[in-house]
Amino acid sequence: MAKKTLITSGKGGVGKSTITVLLGFFLTILGKKVIILDLDFGISSVEELLKELEPVFNLGDILTGNCSVEAAINSSRYKKLDFIAAAKNYKINIQNNQLQQIIKSLEGYDFILLDSPAGLNLDECINGETIDDALIVANPEKLCLTGARNISRLLEERGITKRYLIINKFNSKVWKKNNLENLDVVIDFVAAQLIAIIPFMENLEVVSYDFEKLISYKKFYKALFNLANRYLGANVKLLFK
Ligand SMILES: Nc1ncnc2c1ncn2[C@@H]1O[C@H](COP(=O)(O)OP(=O)(O)OP(=O)(O)O)[C@@H](O)[C@H]1O
Ligand SMILES: [Mg+2]
């Protein structure tokens, strides 16, 4: 059965969608079959990040009975990485049993990555029954980490016990400037297991047309590769420099 992972954050713009597609890509490098479900209604982040055209059908069409789940599945330019685009109408609501039904019909995948909008207004359907674990993305700023702690608490209340923290857009100077030196304090504060520290990458837009090119950006590539490996349970060291 596929592992269902929510990618979330307390604050917007921290890199959830970027991490979702890149984690998906790196999991495929490691031989896994992945599908991304874009839950950010009204915005088309996932297809844009994958540089795909707007699909004919999206999650909104599934939810309103306009198409089957199968018809809304799109393959991407990356082998073994599929996606279902977000509903374009932000007024559409998703019911608990609808999400469960959709997830149930996604057969043959190892991972279902659910890219969510930022903030605490999570749909009721995001709970321990529908989701196996959550990746909480935060940038190295106090406000962002406070947002991460708040979302972590909410997920805990919803019965999602496996919660991992990803610190994205990491820069050691900024980290020190923001008085965040003690990593253990940060981890305790957010109440999630630190799974990755992803560096700030200046040229992200340049490589976004071809993730294979990421290999030239060693630090960034390694951080994502390690994230995917750690996520699969490997005992890989965290990069913290
Ligand atoms: N590690 C990184 N280094 C540099 N820029 C990054 C990094 N990760 C993400 N970004 C940039 O940050 C911006 C926001 O990223 P993204 O859209 O993935 O965030 P998000 O959390 O999904 O936003 P939203 O809350 O609106 O859904 C984008 O311009 C993206 O290229
Ligand atoms: Mg996003």
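Every number in this text was worked out from the coordinates using simple rules, so none of it is lab data. Since this is a predicted model, take the numbers as computed values, not measurements. Every residue, glycine among them, receives a Cβ derived from its backbone with ideal geometry; neighbour counts consider all protein chains shown.
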Simple spin-label estimate for I187/V56, 7 Å along Cα→Cβ, in nm, reads 4.9
The Cα extents of segment 3-231 along the principal axes, largest first and rounded to whole Å, are 51, 41, 28
Checking segment 51-158 for trypsin sites (Lys or Arg not before Pro) in a loop per DSSP with at most 15 other beta-carbon atoms within 10 Å yields K51, R77, K79, K88, K91
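Compute the length gained on full extension between S68 and T161: take 0.36 nm times their separation in residues and subtract their Cα-Cα distance, giving the result in nm to one decimal. Show your work: numbers first, answer last.
Values: separation 93, 0.36 × 93 = 33.48 nm, distance 3.16 nm.
That pair, S68 and T161, stretches by 30.3 nm at full extension.
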Bridge orientation stat for segment 11-138 from DSSP, antiparallel percent rounded to 5, came to 20
Note, L135: beta-carbon cut-off 13 Å, +1 each Lys/Arg, -1 each Asp/Glu, net +3
Residue-normalised 222 nm signal for the chain, counting each DSSP H run of n ≥ 4 as -39,500 (n - 2.57), nearest 500 deg cm²/dmol, is -9500 deg cm²/dmol
GNM on the chain, Cα springs under 10 Å; top mean-square fluctuation among I43, I35, I112 goes to I43
So T146 and F200, fully extended at 0.36 nm per residue minus their Cα-Cα distance, gain in nm 17.4 nm
antiparallel share of DSSP beta bridges within segment 3-231, to nearest 5, in %, is 5
Lys and Arg at +1, Asp and Glu at -1: neighbours of V190 with Cβ under 10 Å from its Cβ sum to +2
In the neighbourhood of K33 defined by beta carbon distances under 15 Å, the net charge of the other residues (Lys, Arg +1; Asp, Glu -1) is +2
